Amino acid sequence: MTPEDFESWSRRAAEWGARYRAGLRDKPVRAQTRPGEIYQAVPPMPPMEGEALERIFEDFERIIAPGMTHWQHPRFFAYFPANAAPVSVLAEYLVTAMAAQCMLWQTSPAATELETRMMEWLRDAIGLPEVFKGVIQDSASSATLAATLVMRERALGWQGNTRGLCAHPQLRVYCSAEVHTSVDRALWVSGIGTDNLVRIPTMGPRHGIDPQALEAAITADRAAGHLPAGLIACTGGTSIGACDDLGAVIAVAQSHGLYTHVDAAWAGAAMICPEFRELWGGVEAADSVVFNPHKWLGASFDCSAHLVRDPEALVRTLAIQPEFLKTQGHDGIVNYSEWSIPLGRRFRALKLWFLMRFHGLEGLRGMIRNHVRWAGDLCEKLRAVDGIEIVTEPVLSLFTFALQDEARTRALVQAINDDGRIYLTQTAVAGRFAIRFQAGSFEMEERDAEMAFDVITELAARV
Ligand code: PLP
């Protein structure tokens, strides 16, 4: 491709992106394609000779674009958001154009040093103390895995990586049933195994771990000859937004010498608003905290902020330094690949820099506060509708609701998503099927919450 073609096609891609974003409101949120349709439309073999980009672009518009679910749609109320504010997309264009592999300081000093600064900005923005140092991981799943590996190594005297797990008592990790399944996977991959993931009963309106039950479980495990290694707590669990009482459960865990990790993948973004910080009161005592700016905050996927009290423990667990990865002649530099599981790293900090500068913390706070308010208002309006029951109360901008019987609730979520004006997903609350609503789209306005009310009530009357 000539530089001139690269320029004109880049412009065309950018124009397409801007038009796409501007037209989202008029599209159904969830892709309306049938399984296999896209696969069949793509030939089984690659071409032998190169094709004209004009044709490739046409096929992109004809085959691919209609098969996308629109995560940036203002009425995307399913799962959690994966916001990509336009300004962070601009930064991603630049990062993609430079296409640096930022594994070491010397492979792109700007990427490393901006990452250090951005993690300080974020740490201060969410109110964590200065002792925390941060790294950008690709996902919260990776951060939780990294924290679980630290738990393992710490509990095994830093010998698990070399000697494996066989020579040791069974390690135990504690959490509630409200944590994300990335915790289960972390236990699989770390070799600890989910049989050693002890689910502590929850209590209270926030569905948090019962601290006394945690104390009893750790004590019983020690008596049984097991080796308690860590606690994984959550602020804003995926299903219903459960929040552990971090002050209480971290105190119990630390009195037994456990490493503590807090998964706030979604809710962490809201901690830029001081008034929501009571949801994770006590977090400052944690050893490790993860939250995803790629969810609610608006940094395009992927961008997961992993903040740790003692980076040395993470580096001791994950760093590996063959000669070809050593940095000559510079003492005291940070190589972030030693803080993560993959060696290769994208330049992720640039989109955070663009995002926070362009919107400012007050701009981002305003968005989050609006979402929380609009979700709360919608919840109250639905509560007043005959036949609709609020199953779990709002935590930030997430609540769940159901109709009186399960079959109709299932039919309702399906009817809503086939209709396409809004997109919702479901969960199970103590075995009961419920529909989740979360407000979080970067482009959402109050009228989108109003439309959600209209769609839900109109279709509930029909199912
Ligand atoms: N933790 C929580 C609470 C989540 O809700 C999610 C995903 O929604 C994850 C972890 C996993 O996040 P990631 O996709 O960044 O691994």
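Quick grid of which residues meet (1) farther than 27 Å from Thr427 by Cβ; (2) out of contact with any helix residue (DSSP H, G or I) (no Cβ under 8 Å at 6 or more places or on another chain):
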{"residue": "Cys175", "(1), (2)": "no, no"}
{"residue": "Gly208", "(1), (2)": "no, no"}
{"residue": "Leu214", "(1), (2)": "no, no"}
{"residue": "Ala224", "(1), (2)": "yes, yes"}
{"residue": "Gly236", "(1), (2)": "no, no"}
{"residue": "Ala251", "(1), (2)": "yes, no"}
{"residue": "Gln254", "(1), (2)": "yes, no"}
{"residue": "Met271", "(1), (2)": "no, no"}
Of all residues in region 75-105, how many are within 16 Å of the ligand (Cβ to nearest atom) and assigned to a loop (DSSP other than H, G, I, E, B)?
8
Can you tell me which of (1) out of contact with any Gly (no Cβ under 9 Å at 6 or more places or on another chain); (2) in contact (Cβ under 8 Å) with a residue 60 or more places away in the chain; (3) not aliphatic (A, V, I, L, M) is the one Gly225 doesn't meet?
(2)
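Looking at region 51-92, which of its residues are aromatic (Phe, Trp, Tyr), within 29 Å of the chain's Cα centre (by Cα) and surrounded by 14 or more Cβ atoms within 10 Å (Cβ to Cβ)?
From region 51-92, those aromatic (Phe, Trp, Tyr) are 57, 60, 71, 76-77, 79-80; that's our starting set.
Okay, now just the ones that are also within 29 Å of the chain's Cα centre (by Cα), so 60, 71, 76-77, 79-80.
Passing the criteria: Trp71, Phe76, Phe77, Tyr79, Phe80.
Condition check ((1) surrounded by fewer than 17 Cβ atoms within 10 Å (Cβ to Cβ); (2) touching a Gly at 6+ places or on another chain (Cβ under 7 Å); (3) within 17 Å of Gly241 (Cβ to Cβ)) across all residues:
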position	(1), (2), (3)
Cys379	no, no, yes
Leu398	no, yes, yes
Phe401	no, no, yes
Arg410	yes, no, no
Ile435	no, no, yes
Glu450	yes, no, no
Glu458	yes, no, no
Ala461	yes, no, no
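Given the criteria assigned to a strand (DSSP E or B), more than 16 Å from the ligand (Cβ to nearest atom) and either in contact with an Asp or Glu (Cβ under 8 Å, 6 or more places away or on another chain) or β-branched (Val, Ile, Thr) (or both), does Pro205 qualify?
Details: assigned to a strand (DSSP E or B): no; more than 16 Å from the ligand (Cβ to nearest atom): yes; either in contact with an Asp or Glu (Cβ under 8 Å, 6 or more places away or on another chain) or β-branched (Val, Ile, Thr) (or both): yes.
Criteria not met by Pro205.
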Would you say Arg185 is within 16 Å of the ligand (Cβ to nearest atom), touching a helix residue (DSSP H, G or I) at 6+ places or on another chain (Cβ under 8 Å), on the phi < 0 side of the Ramachandran plot and not aromatic (Phe, Trp, Tyr)?
yes
Within region 159-174, can one find any residue that is within 16 Å of the ligand (Cβ to nearest atom) and crowded, with 23+ Cβ neighbours inside 10 Å?
yes
Quick test of your reading of the structure: Ala375 fulfils all but one of (1) outside any helix (DSSP H, G or I); (2) in contact with a Pro (Cβ under 6 Å, 6 or more places away or on another chain); (3) hydrophobic (A, V, I, L, M, F, W, C). Name the failing condition by number.
(1)
For Asp418, state whether it is in contact with a Phe, Trp or Tyr (Cβ under 9 Å, 6 or more places away or on another chain), part of a helix (DSSP H, G or I) and among the acidic types (Asp, Glu).
no
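Please find, among Thr235, Thr194, the residue that is among the hydroxyl-bearing types (Ser, Thr, Tyr) and under 20 Å from the mean Cα position of the chain (by Cα). Reasoning before the result, please.
Values: Thr194 fails: under 20 Å from the mean Cα position of the chain (by Cα).
Answer to the check: Thr235.
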Residue count for region 250-270, restricted to those that are within 16 Å of the ligand (Cβ to nearest atom) and not in a strand (DSSP E or B):
7
The one condition Ala213 fails out of (1) under 28 Å from Pro311 (Cβ atoms); (2) part of a helix (DSSP H, G or I); (3) in contact (Cβ under 8 Å) with a residue 12 or more places away in the chain is (1)
Being within 13 Å of the ligand (Cβ to nearest atom), closer than 19 Å to Thr144 by Cα and not β-branched (Val, Ile, Thr) is the filter here, so list the residues in region 271-300 that pass it.
Trp280, Phe291, Asn292, Pro293, His294, Lys295, Trp296
Considering region 106-125 alone, what residues qualify as being crowded, with 21+ Cβ neighbours inside 10 Å and either among the polar types (S, T, N, Q) or in contact with a Ser or Thr (Cβ under 9 Å, 6 or more places away or on another chain) (or both)?
Thr112
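Out of Val150, Val131, report the one residue that is of a type in the set (A, V, I, L, M, F, W, C), surrounded by 24 or more Cβ atoms within 10 Å (Cβ to Cβ) and either within 16 Å of Asp287 (Cβ to Cβ) or within 15 Å of the ligand (Cβ to nearest atom) (or both).
Details: Val131 fails: surrounded by 24 or more Cβ atoms within 10 Å (Cβ to Cβ).
Unique residue meeting the criteria: Val150.
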Which condition number in (1) within 15 Å of the ligand (Cβ to nearest atom); (2) touching a residue at least 40 places away in the same chain (Cβ under 8 Å); (3) not in a helix (DSSP H, G or I) is the one that Ala177 fails?
(2)
Selection status of Ala31, more than 29 Å from Met98 (Cα to Cα), among the small types (Gly, Ala, Ser) and surrounded by 10 or more Cβ atoms within 10 Å (Cβ to Cβ):
yes
Just to check your reading of the model, which residue among Arg206, Arg172 is of a type in the set (Lys, Arg), at pLDDT 95 or above and within 24 Å of the chain's Cα centre (by Cα)?
Arg206
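The values are calculated or read from the model by the stated rules, or taken from the named source; none is laboratory data. Just so you know, these numbers come straight off a predicted model, no measurement behind them. Cβ sites come from the backbone with ideal geometry, for glycine too, and all protein chains shown count toward neighbours.
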